[in-house]
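Reviewing the structure listed below.
Just so it is clear, none of the values below were taken in a lab; they were calculated from the coordinates. What you see is a predicted model, and the numbers here were worked out from it, not measured in a lab. Cβ coordinates were reconstructed from backbone atoms using ideal geometry, including for glycine residues, and neighbour counts include every protein chain displayed.
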Amino acid sequence: MSKFYDEIVQIPEALHCVVDYYREEGLKKLTDWQKLVSEHSALSFLGMGTSEFSIYSALPKFEQNGLPVSVRDAGEYLYYGVQKQNEKTLSILTSQSGESVEIRKLIEAGRIGSSIVGITNDTESILGKSARLVFPLFGGEEASISAKTYTNTLAVLNFMGETLAKKQVPAASFFDTLDKGADSLLSVSDEEIQEAVQHLLPGDAIAFVGRGPAYTCARQSALTFMEGTHCLSSPFTGGAFRHGPFESVGKLFSIVIYCAKGKTSAFSWKLASDSAEHGAKVLVITDDTPSVSHKSIKVLKIGSVFSGDETLFPLAVSGIHPRIIHFLASARGLEAGIFNYGGKITVTE
């Protein structure tokens, strides 16, 4: 179909690969990570785009450790952050290529302390070579919009977060769950995806909403939908959407709600219902049992072994939104994943 679609269908195998590595050989990295964190008093996550906001998927686990956690856009930090980071703050830099211009400049300027943790798909990159501890992504070759590397970034962050939350490396059962769940990432059929796309058309502008870890899905979707379908899109937490943007809801409005079964799912269903009542086209992507019904609401229900752990919800749906991008782009006369003005590695600030 397209290079992007070919990479999407490789997502389950990529997740199997990263799980297999950290279950065996990479387990020592998680032990080293736990020790390294114990030597610091704060955690600072830095990245760009997908590499910045993927941390929100596992943020509750990192915060259970009790240390202050900050998440910053690396480009903003480069020019507006402190000139020299406190040595007791551990910097975790995420870059799929390991060569993004902002990450490179931060490393070369020596702004982020002597202990750097790197999360990257290329261990031979400047990030891979500069980090004291490197977490490889095993996403394989990826030339298009982030799909495999996004999924594996979520997995690695969950490995790291689980280690801190449980104060020990993840149990074998945790890796088993992710390994088993990999096979369900494409369980929602292409036919169902295409029905959802028809529901969203013309797809000129879409709001994406998620709460808690599902906010990662909203951020990733807004970024990659603009990249792949050239539609105007914006991400919101559920609460933020109620604080103003809800006034724009109407017949010309489309909203995608990521509803993870858990603490705030009732709020998400209420938002879906209220939006539909005002005429909006609503797509709900969920592992929850639908509690509302309306002709303007389309539901994509996933069945996954990840269900029940909200921090794994972004992983569970990581095979859905890339396919929506693929089919929506096609419906709009485009091929998703073709870069017109840039490239896979961003080298221009």
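Tabulated results
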read-out: Overall form of region 209-277 per C-alpha gyration tensor (a/c, 1.5; a/b vs b/c); value: oblate
read-out: Whole-Hz couplings from phi, Karplus 6.51/-1.76/1.60, listed for region 190-203; x for Gly and Pro; value: 4, 5, 5, 4, 5, 5, 5, 4, 4, 5, 8, 4, x, x
read-out: Sites Asp274 and Ala331 - FRET efficiency at Förster radius 22 Å, r taken between beta-carbons, to 0.05; value: 0.20
read-out: In region 3-182, lysine pairs with alpha-carbon atoms under 13 angstrom apart (chain gap of 8 or more, or interchain); value: 4
read-out: Where labels lie 7 Å past Cα in the beta-carbon direction, separation of Lys180 and Met1 in nm; value: 2.8
read-out: FRET efficiency, 1/(1 + (r/R0)^6) with R0 25 Å, evaluated for Thr123 and Glu13 via beta carbons; value: 0.80
read-out: Kirkwood hydrodynamic radius (C-alpha pairs) into Stokes-Einstein, the chain, 25 °C and 0.890 mPa s, D in µm²/s; value: 120
read-out: Simple Cβ-charge dipole of region 206-335, Lys/Arg +1 and Asp/Glu -1, about Cα centre, in debye nearest 20; value: 220
